[in-house]
1. I need the full set of residues from the stretch 69-93 which are aromatic (F, W, Y) and open to solvent by less than 90 Å² (accessible area, probe 1.4 Å), in order please.
2. Go through (1) within 17 Å of the chain's Cα centre (by Cα); (2) in a strand (DSSP E or B) one by one and return the number of the condition I156 breaks.
3. Take the residues in the stretch 100-118 that are assigned to a strand (DSSP E or B) and among the β-branched types (V, I, T); name whichever of them is surrounded by the most Cβ atoms within 10 Å (Cβ to Cβ).
4. E97 versus (1) under 15 Å from the mean Cα position of the chain (by Cα); (2) open to solvent by 20 Å² or more (accessible area, probe 1.4 Å); (3) under 15 Å from I153 (Cβ atoms); (4) in contact (Cβ under 8 Å) with a residue 60 or more places away in the chain: which is the lone unmet condition?
5. Mind telling me which of the residues T125, T66 ends up being of a type in the set (S, T, Y), over 30 Å from N2 (Cβ atoms), open to solvent by 50 Å² or more (accessible area, probe 1.4 Å) and in a strand (DSSP E or B)?
6. As an exercise: evaluate E6 against (1) surrounded by fewer than 16 Cβ atoms within 10 Å (Cβ to Cβ); (2) under 27 Å from T141 (Cβ atoms) and give the number of the one condition it does not meet.
7. Could you figure out which of (1) more than 30 Å from E4 (Cβ to Cβ); (2) under 25 Å from the mean Cα position of the chain (by Cα); (3) of a type outside the set (S, T, N, Q) isn't true of E112?
8. When only residues in the stretch 50-63 that are out of contact with any Leu (no Cβ under 7 Å at 6 or more places or on another chain) and not in a helix (DSSP H, G or I) count, which is surrounded by the most Cβ atoms within 10 Å (Cβ to Cβ)?
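The values are calculated or read from the model by the stated rules, or taken from the named source; none is laboratory data. Because the structure is predicted, anything quoted here is derived from the model rather than measured. Positions of Cβ are generated from backbone atoms using ideal geometry, with glycine treated the same way; all protein chains shown enter the neighbour counts. We work out accessible area using only protein heavy atoms, side chains counted, and drop any ligands, DNA or RNA first. Shrake-Rupley method; radii C 1.70, N 1.55, O 1.52, S 1.80 Å.
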Amino acid sequence: MNAENEIKQIVSLYTRAADRRDGAAMAALFETDGVSEIYLHGPGGPDDRESMGKLTGAVQIEAALTNAMAPHPPLGWSHHTTYDHLVAVDGDEASIETQFITYNVVGAAKPEGGWPTGTFGAQGTITPIESGYYRFNLRRTDGAWWIRRQEVIHDIPYVF
């Protein structure tokens, strides 16, 4: 796999860890002293922003994901999607910026007597709940890529 695909895979592993609320899996993607900074997108664009928080080190990142995010309800989960990946690789240093949308997915409970006659298709709701940009800076050490710094830039206010 080439470096660009390896870096895209890190983003995919990151979003899956967030969807599963798996702090250990997410923290394992960061350098030990890696940083994640969270911002609110300002009216002037993603670089005009307000700081909403900073996590320093794999231990803080793991704790935040494991303890600060609400657990999913029964038949519910989140689904992060990323798109428009902009990747730059320079030797053992790399960056990727991607846009994201997160969906809240809640399945309908199957009625005790079964689905009514004529019921068809997906049962439940899928609602977009957040969007913005991810920016990652990575470093390759001993053949593996690690997140050094990440920025999450939300399009709408996000309350912790």
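1. Once the filter is applied, which keeps residues that are aromatic (F, W, Y) and open to solvent by less than 90 Å² (accessible area, probe 1.4 Å), the stretch 69-93 yields only Y83.
2. Condition not satisfied by I156: (2).
3. T102
4. So E97 meets the others, but not (4).
5. T125
6. Of everything listed in (1) surrounded by fewer than 16 Cβ atoms within 10 Å (Cβ to Cβ); (2) under 27 Å from T141 (Cβ atoms), E6 misses just condition (1).
7. (2)
8. So the residue we want is L55.
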